[in-house]
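A.B. asks: Mind looking over this structure? Questions follow.
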Amino acid sequence: MSVYSSLSACLGLIALWGLIGLVGLLRPMSVGFVGRTLFPLGALCGAALAVVAAVSLASPPEQLTLAVGLPDLPMHVRRDALTSLFLFLLGAASAGISVFAAGYFRRGHGTAPGLLCLQYHMFLASMGFVLLANDAYAFMVAWETMALSSYFLVTTQHGLAEIRRAGFLYLLIAHVGAIAILLSFGVMQGGSWQFTFDAMRGAHLAPQWAATAFLLALFGFGAKAGLVPLHVWLPEAHPAAPSPVSALMSGVMLKTAVYGMLRVTFDLLGHAQWWWGLVPLTFGLFSALYGVVFAAAQTDMKRLLAYSSIENMGIIFTGLGLAIVFLGVGMPSLGALALIALLYHSLNHAFMKSLLFLGTGAVLHSTGERNLGRLGGLIHRMPWVAWLTLIGALAMAGLPPLNGFVSEWLLLQAFLFSNEVPRPFINMLLPLGAALVALAAALAAYVMVKFYGVIFLGQPREASLNRAQDAGVLERIGLIWLALSCFALGLLPTYVIGALRSVVEQLSGAELPSAHAPWWLLVPLPERRASYSPLVFFLAIAAVVVVTMFAVRLFYHRRVRRAPPWDCGFGGLNSRMQDSAEGFGQPIRHIFGPFFAMKRELPSPFDHAPRYRVTAGDRIWLALYLPLGTLVRRVADTVMWLQQGRISTYLLYSFVTLVVLLALVV
Amino acid sequence: MRRRLFKNLFTAPCTEPVTEGAATLEVAGAQLRGVIARSLGRSLAIREVDAGSCNACELEIHALSNAFYDVERFGIRFVASPRHADLLLVTGPVTLNMREALERTYAATPAPKWVVAVGDCGGGCGVFADSYACVGAVSKVIPVDLVIRGCPPTPTDLLQGLLELLSGGAALGVNTRHS
């Protein structure tokens, strides 16, 4: 072999990220140094990582034992196709986000820029290390570093009580999840007390223990992914964090949970039972619907995107469940299709959700407003941000020439054949999932119309919006990078799937049927005759637009008159007459009423200052988390009488403990 | 219930025959239909504008659409937005409050277009003439192609007026220059 190894290149780039973070501490207060030098360097580092990972996708796995770690407990790292794919996702998405962040972070509030730089790059590096780790110890260290560094990033503006509260909730659920993952590793070592992943691959678990490990992992990684009912931290933490951090958390960090789930299910556990798949499938479908319905009811733009992330993670976990079912019953080609759909959707979501979060960041920066009720008409003031965000919104809505459509289409393709699963009842119920996925996709389009229309179209709802400035050059570059990625992933699906092939073959152990279709036509299952050609689609749309424009120019009577919009003769159309975020979401709130814990404040006809308020609360928060919190508090209160604050009492405790232990030993 | 259903199935609806002016109506309507087909090629879209009327004219205009007159068979249609209209049917002595709305409606109607003032008020000599609250005739606010007098004019009068307008001197496009 040559001296160059892609594993060591990845490790080096990840270490470089850490180094960049540390350099930030040299001049912690200098926005110029940190923003204009270190963040672009970090972006370059990410781009390099993406290139290295993409090149190494098809190459055979390689592993190393690092000379760091506790005595007798060195860290193992490994790079295989799955790792490469997620490293590519991390590098490529973070490149765009870091460039944007270079222009975004300014002096003034919260954490000093240098410290922020350290936390940010530590976050990136720990995510990279999570992907490379090849033993439970290294994995957990990286996993916890990731949780902690992102906690500090979420609480950048730690002066505000609500942000501290959001950060605490995030940390709490991250740790509950981490405990479950740790327990899962504990089960998977299977009595060998070897915590390397190699040992876990070799361990032979009894079926019930394998299922236990799977369910624990699903709980742990589901908490990170924001699966309902472990989703409550997402809509709190995302609005609290600065936008590049929200983008990174939603676009990339959630994908580490997908990675972990794939690693545990298909690699460490190996032979997954088909019925395991029903659990992520059920929770995934429920999360998809729940997330999108709540997104429709939101009035805070970042909260809306956070709920949309829950929806997308739901779709990804649905794909995971479907893949497990198909592979478990011995339908490898359909299992591979479901895996492709879920990996493709992970990639797509990383780019489009980052793009949208950065778009909201630019809006937030320029207007200081997160509330949809005080935005509007920004397409005139911020054309760059508006048009680039439009691409993200179209992709998120799942419209054809863009990337969001491809993966959802693939998932639906996989679903449509699930009636062939040779299990009674299951083969009748599974196709219903396709209906739910389709419903979630349609509602996602509705949510995106609301998101985009209320922020960028119509009239500005506040006078201050007329002073809004478009994003700076660095921010634009970041947005353009992500928007181009969305286009590329949407227009060239055959290449993407070709690249995913090695990952899928590694995971499913099945040879993919080689496609005989031309490069521009996507044919997931040759014998089924379903195909899609985004390029032709795109060209057809472009051609229709151009031809229509020419036709209008040439043949229309040219007597075009610009007139103000028809206002029924009353005049004075103002911004308060526009459809509002609440108004747009009202039908969904009404139809899906049982999902919400709704509180309405209606004015009486005799009110002098009438006020209308409606809040759509989360039933799961009220029904599950609040009672749980109360219970914990009550237990803590009961135990607290032990803590008397007198040294003699504590000495008595020690004495009693000693006596009891002695009695036990003797 | 059953009896009523069967009755409705097998007997004609209980309406009175059109007696007074029925022949005039049919003749005017048939001519109008021909004129509309010739000059517009499609149907005539009317937007009604109440510029402060006492609603007597509205009652008569509304009657055009009922089963007696049924003007849709002649190719006349009332539309909800001036954006879709060929013709504005304006009633009432233009009140000060409705003046701007009338101007806006006129501006919102795509050219070429006609304006027909309906009733004595719209023509400028109704019972509200010279009131402090009124501007006066419709023609004081926007250019008018035809005035149909009457307090209120009957539906047949209205149809004959429209026939006059479409077949007579007023070629489509009188109001074009005011756009």
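The values are calculated or read from the model by the stated rules, or taken from the named source; none is laboratory data. Model, not experiment: these values are computed from the prediction. Don't worry about glycine lacking a Cβ; one is built from the backbone with ideal geometry, like all the others, and counts go over all protein chains shown. Keep in mind that these areas ignore ligands, DNA and RNA; they rest on the heavy atoms of the full protein, side chains included. Shrake-Rupley method; radii C 1.70, N 1.55, O 1.52, S 1.80 Å.
A.B. asks: Which condition number does A:F451 fail, the rest of (1) open to solvent by 60 Å² or more (accessible area, probe 1.4 Å); (2) aromatic (F, W, Y); (3) within 30 Å of A:T282 (Cβ to Cβ) being met?
C.D. replies: (1)
A.B. asks: For the stretch A:641-666, how many residues meet the condition of being part of a loop (DSSP other than H, G, I, E, B) and at negative phi?
C.D. replies: Number of matching residues: 4.
A.B. asks: Which of the residues that make up the stretch A:341-381 are in a helix (DSSP H, G or I) and open to solvent by 10 Å² or more (accessible area, probe 1.4 Å)?
C.D. replies: Hits for the stretch A:341-381 are A:L364, A:H365, A:S366, A:T367, A:G373, A:R374, A:I379, A:H380, A:R381.
A.B. asks: Can you confirm whether A:A551 is surrounded by 10 or more Cβ atoms within 10 Å (Cβ to Cβ), within 9 Å of another protein chain (Cβ to nearest Cβ), farther than 30 Å from A:A297 by Cα and small (G, A, S)?
C.D. replies: Spelling it out, it is not the case that A:A551 is surrounded by 10 or more Cβ atoms within 10 Å (Cβ to Cβ), within 9 Å of another protein chain (Cβ to nearest Cβ), farther than 30 Å from A:A297 by Cα and small (G, A, S).
A.B. asks: Let me ask something else about it. Would you mention how many residues in the stretch A:400-414 are surrounded by fewer than 22 Cβ atoms within 10 Å (Cβ to Cβ) and either modelled with pLDDT of 90 or more or over 11 Å from A:F537 (Cβ atoms) (or both)?
C.D. replies: Count: 3.
One line per residue, one yes/no per condition, for (1) modelled with pLDDT under 90; (2) open to solvent by less than 30 Å² (accessible area, probe 1.4 Å); (3) under 17 Å from A:L262 (Cα atoms); (4) in a loop (DSSP other than H, G, I, E, B):
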site: A:M140; (1), (2), (3), (4): no, yes, yes, no
site: A:A147; (1), (2), (3), (4): no, yes, no, no
site: A:R164; (1), (2), (3), (4): no, no, no, no
site: A:A178; (1), (2), (3), (4): no, yes, yes, no
site: A:Q194; (1), (2), (3), (4): yes, no, no, yes
site: A:H204; (1), (2), (3), (4): yes, no, no, yes
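A.B. asks: To continue, here is another question. For the stretch A:457-515, name all the residues that are assigned to a loop (DSSP other than H, G, I, E, B) and in contact with a Phe, Trp or Tyr (Cβ under 9 Å, 6 or more places away or on another chain).
C.D. replies: Result: A:D470, A:A471, A:G472, A:L492, A:G509.
A.B. asks: Going through the stretch B:22-72 one residue at a time, which ones are in contact (Cβ under 8 Å) with a residue 40 or more places away in the chain, open to solvent by 30 Å² or more (accessible area, probe 1.4 Å), assigned to a loop (DSSP other than H, G, I, E, B) and not aliphatic (A, V, I, L, M)?
C.D. replies: Passing the criteria: B:C54, B:F68, B:Y69.
A.B. asks: Any residue at all in the stretch B:127-139 that is within 15 Å of B:E48 (Cα to Cα), touching a residue at least 40 places away in the same chain (Cβ under 8 Å) and either more than 14 Å from every other protein chain (Cβ to nearest Cβ) or buried (at least 19 other Cβ atoms within 10 Å of the Cβ) (or both)?
C.D. replies: yes
A.B. asks: Could you grab me the full set of residues in the stretch A:560-604 that are within 11 Å of chain B (Cβ to nearest Cβ) and surrounded by fewer than 10 Cβ atoms within 10 Å (Cβ to Cβ)?
C.D. replies: A:V560, A:R561, A:P565, A:G572
A.B. asks: Now for a different question. Give the stretch A:415-448 a look and list any residue that's over 26 Å from A:Q586 (Cα atoms) and crowded, with 17+ Cβ neighbours inside 10 Å, or say none.
C.D. replies: Matches in the stretch A:415-448: A:F415, A:F417, A:S418, A:V421, A:I426, A:L430.
A.B. asks: Still on this structure, please answer the following. Any residue that is open to solvent by less than 10 Å² (accessible area, probe 1.4 Å), aromatic (F, W, Y) and touching a helix residue (DSSP H, G or I) at 6+ places or on another chain (Cβ under 9 Å) - is there at least one of those in the stretch A:25-34?
C.D. replies: No; the residues of the stretch A:25-34 include none that is open to solvent by less than 10 Å² (accessible area, probe 1.4 Å), aromatic (F, W, Y) and touching a helix residue (DSSP H, G or I) at 6+ places or on another chain (Cβ under 9 Å).
A.B. asks: May I pose another question? Hey, can you tell me all the residues within the stretch B:83-94 that are open to solvent by less than 10 Å² (accessible area, probe 1.4 Å), over 20 Å from B:F128 (Cβ atoms) and more than 12 Å from every other protein chain (Cβ to nearest Cβ)?
C.D. replies: Scanning the stretch B:83-94 gives a single hit, B:L87.
A.B. asks: I want to confirm something. Restricting to the stretch B:1-50 and keeping residues that are under 17 Å from B:A85 (Cα atoms) and of a type in the set (G, A, S), which single residue is modelled with the highest pLDDT?
C.D. replies: Among those that are under 17 Å from B:A85 (Cα atoms) and of a type in the set (G, A, S), it is B:A45.
A.B. asks: Could I ask something else about it? May I ask you to verify whether B:A80 is in contact (Cβ under 8 Å) with a residue 60 or more places away in the chain, open to solvent by 10 Å² or more (accessible area, probe 1.4 Å) and within 14 Å of another protein chain (Cβ to nearest Cβ)?
C.D. replies: Spelling it out, it is not the case that B:A80 is in contact (Cβ under 8 Å) with a residue 60 or more places away in the chain, open to solvent by 10 Å² or more (accessible area, probe 1.4 Å) and within 14 Å of another protein chain (Cβ to nearest Cβ).
A.B. asks: Filter the stretch B:95-123 for residues that are closer than 29 Å to B:L40 by Cα, of a type in the set (V, I, T) and either more than 9 Å from chain A (Cβ to nearest Cβ) or outside any helix (DSSP H, G or I) (or both) and give the result.
C.D. replies: The answer is B:T109, B:V115, B:V116, B:V118.
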